[in-house]
1. For the range 217-234: of the residues being touching a helix residue (DSSP H, G or I) at 6+ places or on another chain (Cβ under 7 Å) and open to solvent by 70 Å² or more (accessible area, probe 1.4 Å), which is farthest from residue 169 (Cα to Cα)?
2. For the range 1-28, enumerate the residues that are of a type in the set (Phe, Trp, Tyr) and closer than 16 Å to residue 226 by Cβ.
3. Looking at the structure I just gave you, is residue 202 farther than 24 Å from residue 7 by Cβ and among the aromatic types (Phe, Trp, Tyr)?
4. If I filter the range 115-128 for residues that are within 18 Å of residue 158 (Cα to Cα) and either modelled with pLDDT under 95 or part of a strand (DSSP E or B) (or both), do I get at least one hit?
5. How about the range 54-103: which of its residues are touching a Phe, Trp or Tyr at 6+ places or on another chain (Cβ under 9 Å), open to solvent by 50 Å² or more (accessible area, probe 1.4 Å) and free of Cβ contacts under 8 Å to residues at least 60 places away in the same chain?
6. Quick one: residue 203 ticks every box in (1) under 27 Å from residue 233 (Cβ atoms); (2) open to solvent by 60 Å² or more (accessible area, probe 1.4 Å) bar one, so which box is it?
7. Would you pick out the residues in the range 25-40 that are over 20 Å from residue 141 (Cβ atoms) and either modelled with pLDDT under 95 or touching a strand residue (DSSP E or B) at 6+ places or on another chain (Cβ under 6 Å) (or both)?
8. Here is a list of conditions, (1) over 15 Å from residue 229 (Cβ atoms); (2) surrounded by 18 or more Cβ atoms within 10 Å (Cβ to Cβ); (3) in contact with a Gly (Cβ under 9 Å, 6 or more places away or on another chain), and residue 210 meets all of them except one; can you say which number that is?
Amino acid sequence: GNADVIGVADGVGGWRAYGVDPGLFSVNLMKCCERLVIAGYFSGNQPAKLLAQGFREMQENKQQIIGSSTACLMMLSHTDLKLYTANIGDSGFVVLRQGEVVHRSHEQQHYFNTPFQLSLPPTELQSEVLSDRPESADQYEFSVEDGDLILLATDGIFDNVPDTLLIKEMSTVQNCKDINTLQQCANTIALMARKLSRDPKFLSPFSVNALAAGIEAEGGKPDDITVLLATVSL
């Protein structure tokens, strides 16, 4: 194709209260996007459009999957060597160059711990469920360079791993092109997030943001964790 495409989605946990598996929606959203990419039905510089198409497929599915999800899609266009991203909610990305963060996403929240989200609620819950349009995704474009390191992750990473630790760990594989070494680094970051999420005394980024919002929340935030690590090879 004319671009490399990666993405993450994170199902909204509140659906458990209704007996709905929050993971079904997010997994299917990414599967729809993946199908469109494999079939070549996408433009290499329009990730928001791909996200909207994937979501539309889910809306039109006869057996609708109930739920909501945040999502972040990223395309490295081969035509202009730019990184195009669309982000809805509090998943996100960081681009590291020579150990410095040169580009990153910003989370979209309605209010504390309530991210923007794509939703397919059952009819009787439509008035109660937050539902944002795919068009409201934050869109960025950025010129990448050879050796740039890209981390794409769900909020399970960003809520638990402070920037300093994240950058320190990513810096160990800056300019690395070996897939196994990159995989090990991604594993290390995921395990670090899991460990910190379970530490009741740790001053996590989540607890800092909670305090700023006037909410007492000590320690890490247990959550599911997805992290992708990619390097730019031009």
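The values are calculated or read from the model by the stated rules, or taken from the named source; none is laboratory data. These numbers come from a predicted model, not from an experiment. Cβ atoms come from the backbone with ideal geometry, glycine included; neighbour counts cover every protein chain shown. For the accessible areas, the whole protein counts, side chains as well, though only heavy atoms, and no ligand, DNA or RNA atoms are used. Shrake-Rupley method; radii C 1.70, N 1.55, O 1.52, S 1.80 Å.
1. Out of the qualifying residues, it is 218.
2. Hit for the range 1-28 is 25, nothing else.
3. yes
4. Taking the range 115-128 and keeping what is within 18 Å of residue 158 (Cα to Cα), we get 115-117.
From what's left, either modelled with pLDDT under 95 or part of a strand (DSSP E or B) (or both): 115.
Yes, the range 115-128 contains a residue that is within 18 Å of residue 158 (Cα to Cα) and either modelled with pLDDT under 95 or part of a strand (DSSP E or B) (or both).
5. Of everything in the range 54-103, those that are touching a Phe, Trp or Tyr at 6+ places or on another chain (Cβ under 9 Å), open to solvent by 50 Å² or more (accessible area, probe 1.4 Å) and free of Cβ contacts under 8 Å to residues at least 60 places away in the same chain turn out to be 66, 102.
6. (1)
7. If the condition is that a residue be over 20 Å from residue 141 (Cβ atoms) and either modelled with pLDDT under 95 or touching a strand residue (DSSP E or B) at 6+ places or on another chain (Cβ under 6 Å) (or both), then 25, 26, 29, 30 are the ones that fit.
8. Against the list (1) over 15 Å from residue 229 (Cβ atoms); (2) surrounded by 18 or more Cβ atoms within 10 Å (Cβ to Cβ); (3) in contact with a Gly (Cβ under 9 Å, 6 or more places away or on another chain), residue 210 comes up short only on (3).
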